[in-house]
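Reading through the structure tokens given below for one structure.
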Amino acid sequence: MAGDGVDVKLDKWDLKEGYDKFAFMESMVTSDNIDKVLVICDKGYQEKANANKGGVGTEKILITPEVLQNVEQTKVIPIVSERDENGKEYMPNFIKSRIYIDLSNSDSFEENYEKLIRLLYNAPLYRKPSLGKKPVFLDEEKMNNYRSSNMLRQLTKATETNPQRLKSLAIGFSEVFLEELEQLKIEYEEIKTNEIDDVITDRINSSLPLRDNYLEIVKVLIENDRVESDWFINLYEKMYSFTEFKGSGNYNELQFDQYKFLVHEMYIYTIGLLVKYEKFPIVHELLSSEYLLDSVYRNNGATFETFRFHLPSLEIRNERLGMRKISFHAHLLMERINTRFLTKPELIDCDLLLFYLSSLIIQGSYKWFPITYIYREYGARQIRCLVKLKSKRVAAKSISLFGASSIEEMKERISNYKHDSDYRYRNHHYPVPSLHVHIKPDEIAINP
């Protein structure tokens, strides 16, 4: 530490014969000339502190709530330097509740040591952004999603009383859903007087009740085996019209980003739920279908990859607020997770699966980019539906997911899959993992 410019007081250096050791120890805690007190926690220190032995016991007595109540809460910092055989840190009882810095692991030592030095110099890596304006949506009426909620109640009730009505009720829901989406529109005048990223983010936040009503409908239809690909295709074709300007007058191209975010998010959840319930033929139909969009700019049919948008307004927000996120878009997706439908790992896996399938099903250079892969934990389990292809039984019912007619054809498609090993965010260390990380062609159908 001295090498990093930190003036350290240590009893071995500063406590001489004839000094009052109690006064010395207490001054370390109470003196205004001492900025931080580092408590180095290893096995020996924990045992002595808990047993009130020697100088360590004296420190325990000195560093008590009564003494600490008059000093800054951040003055006493535990440093974990050793762990037991089960990986549990050695922490004395008297400071067990405090957040510590971990220097016990050689793999993370440099990173955490930098954190300690930054703490000592009061120069944290992450700083709280400046306070922004009051969110625009707080000044508006709360989104009215009564009609879609009512349609959801009717559809749920029909599962018990009249399942034959589910198809017509689902169509009715999609019509109401599209009408309620109108409430998310942004007028040009609104972004002239507010930061555009504030307005976009507020509308995205307001869309949650509508999104969850839609996902509840999807879940009910799947669980009652009434799900049809045409219902999804028709809905997404119509939703796309919200992502473009239609009409006359002034507009900003970014004022539709809230709809682009929602379409992208809903599509990932939709595929994730269908995969979760092993509705593979429906998944393939959605991914291989041509979407006839109500679009000013697109005259021809589009593939599912069209529903993965680039959102400049969220990049603006990331920069303006100093959030330092690799992708603020992905960050919002993670913040909005509803585990009733998908867990975080399931959503991330689905995003990756869409990337793999875009390459396997659609010919062309443009691919679905899995923006959430950066939130995949190091060493996370492989994608479940791909790992399970080792089972011959599972592989046989999964061939439709890959647009194949036999296990051999599926193996050939996966074998021909090509992956750029450096495919990644420009500002991120780790690339998108290859499909072959999850399943190798020669492993398919090797088990019963």
Select, from Lys43, Lys21, Lys16, the only residue that is at pLDDT 85 or above, open to solvent by 80 Å² or more (accessible area, probe 1.4 Å) and not acidic (Asp, Glu).
Lys43
When residues of the range 179-226 are filtered for being open to solvent by less than 20 Å² (accessible area, probe 1.4 Å) and not in a helix (DSSP H, G or I), how many remain?
2
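So, Phe232, is that one touching a residue at least 12 places away in the same chain (Cβ under 8 Å) and within 19 Å of Met151 (Cα to Cα) or not? Explain how you work it out, then say what you get.
Values: touching a residue at least 12 places away in the same chain (Cβ under 8 Å): yes; within 19 Å of Met151 (Cα to Cα): yes.
Yes, satisfied.
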Positions within the range 24-33 being surrounded by 14 or more Cβ atoms within 10 Å (Cβ to Cβ) and either assigned to a loop (DSSP other than H, G, I, E, B) or not hydroxyl-bearing (Ser, Thr, Tyr) (or both), in sequence order
Phe24, Met25, Glu26, Met28, Val29
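So which residues in the range 1-13 are among the hydrophobic types (A, V, I, L, M, F, W, C) and open to solvent by 60 Å² or more (accessible area, probe 1.4 Å)? It would help to see each step written out before you state the result.
Narrowing the range 1-13 to residues among the hydrophobic types (A, V, I, L, M, F, W, C): 1-2, 6, 8, 10, 13.
Once the filter is applied, which keeps residues that are among the hydrophobic types (A, V, I, L, M, F, W, C) and open to solvent by 60 Å² or more (accessible area, probe 1.4 Å), the range 1-13 yields Met1, Ala2, Leu10, Trp13.
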Identify the residue in the range 126-158 that is modelled with pLDDT under 85 and touching a helix residue (DSSP H, G or I) at 6+ places or on another chain (Cβ under 6 Å) and, among all such residues, is surrounded by the fewest Cβ atoms within 10 Å (Cβ to Cβ).
Pro135
Within the range 241-272, take every residue that is within 15 Å of Leu210 (Cα to Cα) and among the charged types (D, E, K, R) and give me the one that is most open to solvent (accessible area, probe 1.4 Å).
Lys260
Reported set for the range 221-234 where residues are within 14 Å of Ser168 (Cα to Cα) and either aliphatic (A, V, I, L, M) or in contact with a Gly (Cβ under 7 Å, 6 or more places away or on another chain) (or both) is Leu221, Val227
Hey, does the range 273-294 have a residue that's surrounded by 15 or more Cβ atoms within 10 Å (Cβ to Cβ), of a type in the set (Ser, Thr, Tyr) and touching a Ser or Thr at 6+ places or on another chain (Cβ under 8 Å)?
yes
Six or more apart or on different chains, Cβ atoms under 6 Å: show the pairs whose first residue is in the range 100-113 and without any contact (Cβ under 8 Å) to a residue 24 or more places away in the chain and among the polar types (S, T, N, Q) and whose second is surrounded by 12 or more Cβ atoms within 10 Å (Cβ to Cβ) and in a loop (DSSP other than H, G, I, E, B).
Asn112/Leu103
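Inside the range 268-377, counting only helices (runs of 4 or more DSSP H) that do not spill past its ends, which hold 3 or more residues that are over 15 Å from the mean Cα position of the chain (by Cα)?
Numbers: elements: 280-288, 312-320, 328-335, 344-361.
Helices (runs of 4 or more DSSP H) meeting the threshold: 280-288, 312-320, 344-361.
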Please find, within the range 84-107, the residue that is least open to solvent (accessible area, probe 1.4 Å) out of those that are over 17 Å from Glu47 (Cα atoms) and assigned to a strand (DSSP E or B).
Ile101
Do we find a residue being open to solvent by 10 Å² or more (accessible area, probe 1.4 Å), over 20 Å from Lys219 (Cβ atoms) and touching a residue at least 60 places away in the same chain (Cβ under 8 Å) anywhere in the range 334-341?
no
If we keep only residues of the range 160-177 that are more than 13 Å from Glu216 (Cα to Cα) and of a type in the set (Ser, Thr, Tyr), then the residue surrounded by the fewest Cβ atoms within 10 Å (Cβ to Cβ) is Thr161
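The values are calculated or read from the model by the stated rules, or taken from the named source; none is laboratory data. Note that the structure is a prediction, hence the values are computed from the model and not measured. Note that each Cβ is placed from the backbone with ideal geometry, even for glycine, and that neighbours are counted across all protein chains shown. These area figures cover heavy atoms from the full protein model, side chains too; ligands, DNA and RNA do not enter into them. Shrake-Rupley method; radii C 1.70, N 1.55, O 1.52, S 1.80 Å.
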